[in-house]
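Inspection log for the structure reproduced underneath, given as structure tokens.
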């Protein structure tokens, strides 16, 4: 049985603080930020997920219900993070939603090849942004079911 | 021949007549001879008979005288009889019988024997016919003498006148026969003595079976006729004889005796001479005939030969005239003294002068010779004194003044005995040929000058690979004179002879070679790179004569090629460099667009987001102006987001790889229109399709293209209550032409250049929404398809946007 603190529902991987704040605000508007961890680059995200580095003590078996992943990240890119998650048996089942500003076809294509669960382009308009983030939060946290170990 | 036949006929006729006359003559002669002989014999025998009769009469008289005297002196009478008998060799006995037929007296008579001859014919006839006188009967074989005899008798009268006996004499038949034999009747002739009853008394030649002939009556009708008519003499021809031989008979009665001498001559014999003569004559005639035939045949043959010879001569004559007179060329015969002996009539055709003129004027030929060419004739004259035949070409001036070329040829003429008889000359008008030759010389010189003028070395090669001709360029490139080159092996003048040989062999095999590269070797050893183009050439009959090869000096080309290579290398380097630069630029551009897409958007979203948060969460601490300003911020951030999106899309158009395929234009237009109509449900839009043809292009791009144009049309027809948008097009072999027309606000044509530029507008800002990338994108898409785009417009009337797309692959259907 995992510790209460260990329960993480959303892992937000976002280097831009403004975007992170807007995302968190949007989720907050829908009361979906009870257990959200925000990491600011790809390496930290991997450390968290694989319980390495700064997160070495974390319970590996307690994984987030969804990972919101930006692609433009310092150190380890979002694509690389996605690849590592989806290439590892242990983490493959974690839903990963790419939430990015990029509308580049190559990015979309690459992400789907690697096994992304959803690809969302961040709208510029805040209203729309709130709406999109809210919907995806609701979906992945409340509606979607993932396999239990 | 007819004459000979006539003569022969005449000769044969004459001979026949002659023979016939001879025959008749012979007949007559034989008849006459027989007649004469028989008459002669008749007289002869009659003479004998007279003597015998006289003896008989004498004897009878003596007996009667003695009887008258009483008795008979037998002795004296016998002596008398013997005397008489001896005088007559004709008879062999002279005897006397008594009235009873008893032989009493005569030679060798024994009265005691009392030989009775009363049975004998002569006795019977004398006894029974007292006045009979001399009786001659048929021969008998005498009893006393045992010989054949013709008994001749006379009666003895007793003094009382009664019958007292008979005196008879036996005429020796042999004697008679001997008499008959005195005349020559030939081997097959016959002589006989007959009595009136035609009984044969004697005959010569004496037959073997004499008793079957003598005394027999061998009747001959002709003789009987003679006897019957009482004629003394007669002749006849008959085969009615004992031996069956045909004979001519002549019969003569003995004078005073009823006896006939018949002389027969065998026809065969008496005609033998005639036959002999006839045979000889016929032989002569036949000989004559043969002689005349042979001689006439010989004469005919001779005549024929002469005839043939004459005809031959006439033919030869005609042949000679044909040969001499019907020459095409002007021919003549010049005697040893250069006098003209014969001139062919054709001289008139060639020169205009008649043969008689030439004959009359021996120097006419020289007179009509063109003065410039007289020296040729003089030289020719000199030549022919040493040669049997010679030829020269010279010109003459015809009578009509025209100058003609003459090919003159002559040869010496020698008689059978080798005697020089002058010259036979043939002159041919060769003016046309001379002209052709002249033209050909000109043509040759022209052709040659062209060949020599060629800067390319030209050469012709025979099938044996030997050079047959070269031009001066070849001389220059090889450093050898023409005469050094001709006849030598072509391949010897190249750095690689085997390759050169393979080259011309290929030409002979395949008819040509193109750009065959070789290196020509100059005498001094330096090499010239050349490129050969060669082909075979043929004579009129199509026979391959050789190879014509033209070389092109490619030294400069080689240098140029080297330079090109160098430049190419440089260019490639530069291209590689530029490519690298371009790739870098592309990379940068990609990064740029990525950063636009990502990095520009992020702060924008922050501005938009936090401005919104301000409105949402801090509106109470803001006045209405503050809220209005925040609203302006929101509107502009939204617009900037849209601009960024459109710009990104525009940039992506340049990078996307294109996927061509057939596109159903009508369907695509309808689809796009429906989509756009849905976004503006309040608008009344009318789409009119004017048969835009199907096209060939990248479907995604074309869709964007059409969407932008239709969207544009919808946008600028907003003031219209009823918007009419027409889409149409046409197609030719190379491209499709499409247009989209609207009845919108239009534009001023002076701003037409601005239409297709990014972020530029033909309308004042704010009047119509839009980033200004729509038409720029249209232009970009059309450009990427290789087409053109342009616009036409009029303010307040409407706009028409045209574009063309090349047809790269013919799409089927619409």
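The values are calculated or read from the model by the stated rules, or taken from the named source; none is laboratory data. Keep in mind that this is a model prediction, so the values were computed, not measured. Here the Cβ positions follow ideal geometry from the backbone for every residue, glycine too, while neighbour counts run over all protein chains shown.
Here are the numbers for this structure:
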{"quantity": "Looking only at segment B:595-610, and only at residues there that are crowded, with 20+ Cβ neighbours inside 10 Å and within 18 Å of residue B:650 (Cα to Cα), the one that is modelled with the highest pLDDT", "calculated": "B:601"}
{"quantity": "Which listed residue, of A:89, A:109, A:104, A:44, is modelled with pLDDT of 85 or more, surrounded by 14 or more Cβ atoms within 10 Å (Cβ to Cβ) and farther than 26 Å from residue A:29 by Cα", "calculated": "A:44"}
{"quantity": "Selection count where residues are without any contact (Cβ under 8 Å) to a residue 24 or more places away in the chain and part of a loop (DSSP other than H, G, I, E, B), scope segment A:138-149", "calculated": "2"}
{"quantity": "Any hit, segment A:10-17, residues being without any contact (Cβ under 8 Å) to a residue 40 or more places away in the chain and either within 14 Å of another protein chain (Cβ to nearest Cβ) or under 15 Å from residue A:134 (Cα atoms) (or both)", "calculated": "yes"}
{"quantity": "Residue in segment B:481-495 that is in contact (Cβ under 8 Å) with a residue 60 or more places away in the chain and not in a helix (DSSP H, G or I) present", "calculated": "no"}
{"quantity": "Test: residue in segment B:548-566 that is within 12 Å of chain A (Cβ to nearest Cβ) and part of a helix (DSSP H, G or I)", "calculated": "no"}
{"quantity": "Subset of segment B:346-364 [within 46 Å of the chain's Cα centre (by Cα) and loosely packed, with under 15 Cβ neighbours inside 10 Å]", "calculated": "B:349, B:354, B:356"}
{"quantity": "Filter result for residue A:135 (over 19 Å from residue A:62 (Cα atoms), within 14 Å of chain B (Cβ to nearest Cβ), in a helix (DSSP H, G or I) and out of contact with any helix residue (DSSP H, G or I) (no Cβ under 9 Å at 6 or more places or on another chain))", "calculated": "no"}
{"quantity": "Positions within segment B:594-646 being more than 7 Å from chain A (Cβ to nearest Cβ), over 25 Å from residue A:29 (Cβ atoms) and in contact with a helix residue (DSSP H, G or I) (Cβ under 7 Å, 6 or more places away or on another chain), in sequence order", "calculated": "B:596, B:600, B:644"}
{"quantity": "Conditions (1) at pLDDT 85 or above; (2) surrounded by fewer than 18 Cβ atoms within 10 Å (Cβ to Cβ); (3) not in a helix (DSSP H, G or I); number of the one not met by residue A:31", "calculated": "(1)"}
{"quantity": "Matching entry among A:123, A:95, A:74 (being surrounded by 15 or more Cβ atoms within 10 Å (Cβ to Cβ), within 14 Å of chain B (Cβ to nearest Cβ) and either farther than 17 Å from residue A:32 by Cα or free of Cβ contacts under 8 Å to residues at least 60 places away in the same chain (or both))", "calculated": "A:123"}
{"quantity": "Number of positions in segment B:664-683 that are without any contact (Cβ under 8 Å) to a residue 40 or more places away in the chain and surrounded by 12 or more Cβ atoms within 10 Å (Cβ to Cβ)", "calculated": "8"}
{"quantity": "Meets criteria (surrounded by fewer than 19 Cβ atoms within 10 Å (Cβ to Cβ) and either closer than 23 Å to residue B:797 by Cα or in contact (Cβ under 8 Å) with a residue 12 or more places away in the chain (or both)) for residue B:724", "calculated": "yes"}
{"quantity": "One residue from B:165, B:161 being in a loop (DSSP other than H, G, I, E, B), assigned by TED's automatic domain parsing to the domain that holds residue B:121 and on the phi > 0 side of the Ramachandran plot", "calculated": "B:161"}
{"quantity": "Test for residue A:106: is it touching a strand residue (DSSP E or B) at 6+ places or on another chain (Cβ under 7 Å), without any contact (Cβ under 8 Å) to a residue 40 or more places away in the chain and within 14 Å of chain B (Cβ to nearest Cβ)", "calculated": "no"}
{"quantity": "Sole exception among (1) buried (at least 18 other Cβ atoms within 10 Å of the Cβ); (2) within 12 Å of the chain's Cα centre (by Cα) for residue A:37, by number", "calculated": "(1)"}
{"quantity": "Qualifying position, being modelled with pLDDT of 90 or more and either within 45 Å of the chain's Cα centre (by Cα) or not in a strand (DSSP E or B) (or both), among B:396, B:467, B:406", "calculated": "B:406"}
{"quantity": "Meets criteria (touching a residue at least 40 places away in the same chain (Cβ under 8 Å), in the same structural domain as residue B:72 (by TED's automatic domain parsing), assigned to a strand (DSSP E or B) and at positive phi) for residue B:215", "calculated": "no"}
{"quantity": "Qualifying residue in segment B:515-523 (condition: more than 14 Å from chain A (Cβ to nearest Cβ), in contact with a helix residue (DSSP H, G or I) (Cβ under 7 Å, 6 or more places away or on another chain), in a loop (DSSP other than H, G, I, E, B) and over 28 Å from residue B:650 (Cα atoms))", "calculated": "yes"}
{"quantity": "Residues of segment B:518-527 classified as surrounded by 15 or more Cβ atoms within 10 Å (Cβ to Cβ) and more than 13 Å from residue B:480 (Cβ to Cβ), total", "calculated": "2"}
{"quantity": "Qualifying residue in segment B:573-587 (condition: within 14 Å of chain A (Cβ to nearest Cβ), assigned to a helix (DSSP H, G or I) and closer than 30 Å to residue A:100 by Cα)", "calculated": "yes"}
{"quantity": "Residue, nearest to residue B:806 (Cα to Cα), within segment B:647-669, restricted to residues that are in a helix (DSSP H, G or I) and within 11 Å of chain A (Cβ to nearest Cβ)", "calculated": "B:655"}
{"quantity": "Qualifying residue in segment B:166-174 (condition: surrounded by 13 or more Cβ atoms within 10 Å (Cβ to Cβ), more than 60 Å from the chain's Cα centre (by Cα) and either farther than 23 Å from residue B:49 by Cα or modelled with pLDDT under 80 (or both))", "calculated": "no"}
